[in-house]
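The values are calculated or read from the model by the stated rules, or taken from the named source; none is laboratory data. Computed from a prediction, not measured in an experiment: that's the story for all the values here. Note that we place each Cβ from the backbone using ideal geometry, even for glycine, and neighbour counts take in every protein chain shown.
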Amino acid sequence: MPIILSIETSTTNCSVSLSKQGETLVLKEDNNSNYSHAESLHVFIDDVLKTAKINKTQIDAIAVSKGPGSYTGLRIGVSAAKGLCYALDKPLISISTLHALAHQVDAQEGVIVPMLDARRMEVYSAIYDCEFNLLREIEAQILDELSFKKELESGKVFFVGNGTEKTKALLSHDNAIYVDNKLPSANEMSALAYAKYKIGDIEDVAYFEPFYLKDFIALKPKPKS
């Protein structure tokens with residue numbers, strides 16, 4: 001029964017879970033708008049291991065949310081995951097951030113659109129059916145009044161993630177359902193990581209990089225008043 005440590009740092013939510021055979025045993029997370037992942041992540045890892053009374057050497061694999069999302073957050077999570085893989089000689093499993101986010105929606109019909117906030121009116125989004133099969137690839141999408149027009153005219157569309165606030169302001173269709181206050185979490189990664197572990201779908205630790213989707217752009221600091 002494989003034990004997998006999962007790490008999610010793609011947004012403000014710093015999240016770590018420990019699972020056995022796809023079931024979450026312990027979850028530790030904190031949605032801090034200050035992005036304190038660098039300070040919190042290793043503390044959370046130690047906490048979930050202590051709570052489960054499991055030693056690091058007993059872990060069978062490390063899973064990490066690969067993006068898209070915050071450039072800095074992804075780098076922190078992936079660096080920590082790779083460091084653990086090297087130190088413990090364990091395999092690395094990557095999980096699509098939006099795929100895991102979609103699993104926070106329990107839909108019996110229609111489609112699921114996980115979306116993460118990007119700059120201005122842009123979101124990182126994808127489209128899944130209610131069985132979580134990918135219908136449209138992940139893309140950086142600029143929202144307007146015609147976004148998801150075809151999907152909304154065809155049936156219910158469940159929007160989830162911190163990009164929904166932008167969407168609400170533009171789309172008030174009867175078929176638009178907004179699943180509020182949801183961020184990517186290591187909890188949903190447990191079952192997804194286990195499924196990949198069973199078929200040996202692992203990454204090359206030396207060469208794996210986060211899925212940024214867009215190049216990092218450093219913003220100029222605001223002038224002090």
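Is there any pair linking a residue in the stretch 129-141 that is within 16 Å of residue 95 (Cβ to Cβ) to one that is of a type outside the set (A, V, I, L, M, F, W, C) and in a strand (DSSP E or B), with Cβ under 8 Å and at least six apart or on different chains, and which?
Sorted first by the residue in the stretch 129-141, then by its partner, the pairs are 134/128; 138/124; 138/125.
Being small (Gly, Ala, Ser) and in a loop (DSSP other than H, G, I, E, B) is the filter here, so list the residues in the stretch 135-150 that pass it.
Correct list: 147 only.
Please go through the stretch 170-195 and pick out each residue that is part of a helix (DSSP H, G or I), under 16 Å from the mean Cα position of the chain (by Cα) and not hydroxyl-bearing (Ser, Thr, Tyr).
Of everything in the stretch 170-195, those that are part of a helix (DSSP H, G or I), under 16 Å from the mean Cα position of the chain (by Cα) and not hydroxyl-bearing (Ser, Thr, Tyr) turn out to be 186, 187, 188, 189, 191, 192, 193.
Regarding residue 43, is this residue surrounded by 15 or more Cβ atoms within 10 Å (Cβ to Cβ) and within 13 Å of residue 16 (Cα to Cα)?
When the stated conditions are applied, residue 43 does not pass them.
Just to be sure I understand the filter: pairs with C-beta atoms under 7 Å, separated by 6 or more residues or on different chains, first member in the stretch 91-105 and over 13 Å from residue 184 (Cβ atoms) and in contact (Cβ under 8 Å) with a residue 40 or more places away in the chain, second member among the small types (Gly, Ala, Ser) and assigned to a helix (DSSP H, G or I). Which pairs pass?
Final answer for the pair search is 92/81; 93/193.
Do the conditions hold for residue 153, that is, is it surrounded by fewer than 21 Cβ atoms within 10 Å (Cβ to Cβ), assigned to a strand (DSSP E or B), out of contact with any helix residue (DSSP H, G or I) (no Cβ under 7 Å at 6 or more places or on another chain) and not basic (Lys, Arg)?
It is false that residue 153 is surrounded by fewer than 21 Cβ atoms within 10 Å (Cβ to Cβ), assigned to a strand (DSSP E or B), out of contact with any helix residue (DSSP H, G or I) (no Cβ under 7 Å at 6 or more places or on another chain) and not basic (Lys, Arg).
Is it the case that the stretch 101-120 has a residue that's more than 19 Å from residue 207 (Cβ to Cβ), in contact with a Phe, Trp or Tyr (Cβ under 6 Å, 6 or more places away or on another chain) and at pLDDT below 95?
Within the stretch 101-120 (the criterion being more than 19 Å from residue 207 (Cβ to Cβ), in contact with a Phe, Trp or Tyr (Cβ under 6 Å, 6 or more places away or on another chain) and at pLDDT below 95), the answer is yes, since at least one residue qualifies.
Across the stretch 98-143, which residue is surrounded by the fewest Cβ atoms within 10 Å (Cβ to Cβ) among those that are over 19 Å from residue 74 (Cα atoms) and polar (S, T, N, Q)?
Checking each candidate, the answer is 108.
Specify which of the listed residues (70, 79) is among the hydroxyl-bearing types (Ser, Thr, Tyr), assigned by TED's automatic domain parsing to the domain that holds residue 13 and touching a Ser or Thr at 6+ places or on another chain (Cβ under 8 Å).
So the residue among 70, 79 that is among the hydroxyl-bearing types (Ser, Thr, Tyr), assigned by TED's automatic domain parsing to the domain that holds residue 13 and touching a Ser or Thr at 6+ places or on another chain (Cβ under 8 Å) is 70.
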